Ligand SMILES: *Cc1c(COP(=O)(O)O)cnc(C)c1O
């Protein structure tokens, strides 16, 4: 237990309702879904735009949580726990974190800026951890919620903190400043990111610098504009490539694979090599170097450590593994905080019940080995991990702390024994410190395919879902259409995420798709849009819910339902209001009513129809007509059958265009995947899918030579040609070749040369500094799917769903 948690919560401004439950608190949580919640958890019920965590207090009491910070006590929970009643739970979490922080007195580095915060934090951790017990923000936890959660992880053994603070709008920094209270400030590149939240650059700088109000020293790249905002309590410790007046003056020589920095500091000159050449990495490395100088490190140590800096991979990636496994690749860090996050992520993404964790020795906890491995063991137990594979000398010593655990001294030992291990139908978290090189394990367990991948950003999906949820009236439910393999983005993984994000319903086109989801463990109700009569038995067996659209289909279903003695089996009635695709027409409603009247085998769960023109203002009258007919026919059904079904009519574009016809539910499709046909709305959505490949080969051809089948491209000058392993068999239309389309390489456009082949295409890289193996973006931010659809005279839906199944889908979270 951690006395400081109790100590701090008692100091916040709250009314304490003491029902005399134990207050042996050890952790703080805001996530009701985490398996880590238990009797030692202090739970803050935060209120988000869509979800108010107060509704989960009852469930949390069931799993043993007994201490809550709430704005009110939810019904039926009154005497079942202790409650701290506050006005605003987020502000209280921040106030609590600030109290907690004030109980510790050691140097804290606060990092802010527009770009590079997380990289600088991770590098500083690498550079300083040989000499300090470092506590740092996990991943990119730098927000109004992330910062308090990061700070609360400080314990008695730490003696250096590194925390990042990110803000997107004016006036957010003052909350974070109170929580972090940095003694040393680092301002990274100020850039133009998130500019929309600020009136101008001055305001943005001022806001960021307010993190350093009480810092003794602030590190930044010399600039008069920044200097004017530095607090009178602080010393500036500056660097520059151009201004000799900076505390540290730096010259740089960019070489083949590295950069050499010539450092002039006080009266000394010395050289530092770093393994990067791009401007952003160089600046970030210098921010770190400045911290080392501030801590008076010996130049030789600085040189030795800086040359070992590495690219930072902060994302948790989900990959398809061998034998139907899924893999969560977190093979670059192994501290306790990030283990907690990774285990929550594993739970949210698991397929089936079996969960394996492959984990290395854990570093940088600040705790003794005994304490640490006790905590790790508790964490693994609470997360119901079926198998633990430990790799490393220390974890091997503690094998007895874990159930069903095998250990290896080194990664090489594991690999040598790999053939004897079985990995089938399970979710595997691979989590290890960099030095263990777990990427080799990821390679072994990963399903092998070619280099072209569709990367899917799960955070963007959550963001888009919440964007549309925020447009709904409060009681309106949301069905998400995951037909056609989640519009090409992956059916199961997205369904799993939607379940986690509390969507109400899923929609698929055919029974097979629904069965696959149920087999993978999805529990949300699933409506099947186009059930064939032959699939009714399977639909019943798998508890799917058919959409019934004709008398013939209805009779067939009722017959089976009677044979199987079903009771109130959910069905959905589709009526045709003008789309003329599927649905009961006006003149069949009488017979529909007489057929259904009094039937106890089924229950009409919902009534729906589909809009033909919800996206097009030119057809607004037609749309209003559809809505009126839906209102008329559905009301009649409800009245005459005496039922209260869910009514739903709108797809993505209808949600915004016809807010008054949202009825009880909407059916979100393309919008979830980041696409809108309204250009204003489009700007607010996040890009979900990025189709990526690599350069296989580069050659230079003289003027007059041609490229590809049929010599469709003729070089008019010396041309550098790159070949990329993606073609029309991967779903990229041939119409996008021959001078129409392009790919992006190193942020530059490379036009496609000649015809697109079955498995490859060639692009012009004459003006691009690139090499074989470099990444290529086929679509994503640029070109966007919308842009490609326009050029090909089709719609985004077709581009997305055409990407063939041989292209591997990789899911990740920022
Ligand atoms: C596909 C589909 C949707 C979703 O449409 P979007 O335009 O992608 O939002 C809604 N309802 C039905 C019946 C559908 O077939």
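I need the Debye-formula profile for region 236-330: one equal scatterer per C-alpha, no solvent, reported as log10 I(q)/I(0) at q = 0.12, 0.20, 0.24, 0.26 1/Å, two decimals.
With one equal scatterer per Cα and no solvent, log10 I(q)/I(0) is -0.47, -0.95, -1.28, -1.45.
Would you mind giving the three semi-axes, in whole Å and largest first, of the ellipsoid equivalent to the chain according to its Cα gyration tensor? Provide the component values of the computation, followed by the final result.
Values: eigenvalues 446, 268, 147 Å².
Ellipsoid half-lengths, sorted descending, are 47, 37, 27 Å.
Across bins of 5 angstrom width beginning at 0, how are the C-alpha pair distances of region 419-575 distributed, in whole percent?
1, 7, 14, 15, 15, 13, 11, 8, 6, 4, 2, 1, 0, 0
So for region 662-788, what percent of the C-alpha to C-alpha distances run longer than 20 Å?
In whole percent, the share of Cα-Cα pairs in region 662-788 beyond 20 Å is 48.
Kirkwood hydrodynamic radius for region 280-375: how many Å is it when counted over pairs of different Cα atoms?
On the way: mean 1/r = 0.0604 Å⁻¹.
Radius from the Kirkwood sum: 16.6 Å.
Based on the mean of other beta carbon atoms within 10 Å per residue, what is the order of 54-61, 75-82, 341-348, most packed first?
Descending packing order for the listed peptides: 341-348, 54-61, 75-82.
When only alpha-carbon atoms count, how far does region 104-306 stretch along each of its three principal axes, as whole angstroms with the largest first?
42, 41, 32
Quick check on region 459-682: take the gyration tensor over C-alpha atoms, sort the square-rooted eigenvalues as a ≥ b ≥ c, and tell me if it's rounded (a/c under 1.5), prolate or oblate.
Oblate is the answer for region 459-682, as a/c is 1.5 or above yet b/c matches or exceeds a/b.
Please report the Cα spread of region 435-483 along all three principal axes, rounded to whole Å, starting with the longest.
Between the extreme Cα coordinates on each principal axis of region 435-483 lie 50, 29, 15 Å.
In whole Å and largest first, what semi-axes does the C-alpha gyration tensor of region 312-454 yield when each eigenvalue is scaled by 5 and square-rooted?
Over the Cα atoms of region 312-454, the semi-axes work out to 23, 16, 15 Å.
Please report Rg over Rh for region 739-801, where both radii come from the alpha carbon positions and Rh follows the Kirkwood definition. Walk me through the numbers before you get to the answer.
Numbers: Rg = 12.1 Å, Rh = 12.5 Å.
Radius of gyration over Kirkwood radius for region 739-801 works out to 0.97.
Which value results for Rg/Rh of region 605-654 when Rg is the Cα radius of gyration and Rh the Kirkwood radius based on the inverse mean 1/r?
When Rh is taken as the Kirkwood radius, the ratio is 1.04.
When the distances between all Cα atoms of region 535-665 are binned every 10 Å from zero, what whole-number percent does each bin get?
12, 43, 31, 12, 2
State the three equivalent ellipsoid semi-axes of region 3-95, derived from the C-alpha gyration tensor as the square roots of 5 times its eigenvalues, in descending order and whole Å.
On the way: eigenvalues 54, 48, 36 Å².
Rounded to whole Å, the semi-axes are 16, 15, 13.
What translational diffusion coefficient, to the nearest whole µm²/s, does region 69-167 have by Stokes-Einstein, given a Kirkwood radius computed over alpha-carbon pairs, a temperature of 37 °C and 0.692 mPa s viscosity?
Using the Kirkwood radius from Cα pairs, D works out to 218 µm²/s.
Where a number appears in this text, it was derived from the coordinates with a stated rule and is not lab data. Only a predicted model underlies this, so the values are computations on that prediction, with no experimental measurement involved. Note: ideal-geometry Cβ built from the backbone for every residue, glycine included; neighbour counts use all protein chains shown.
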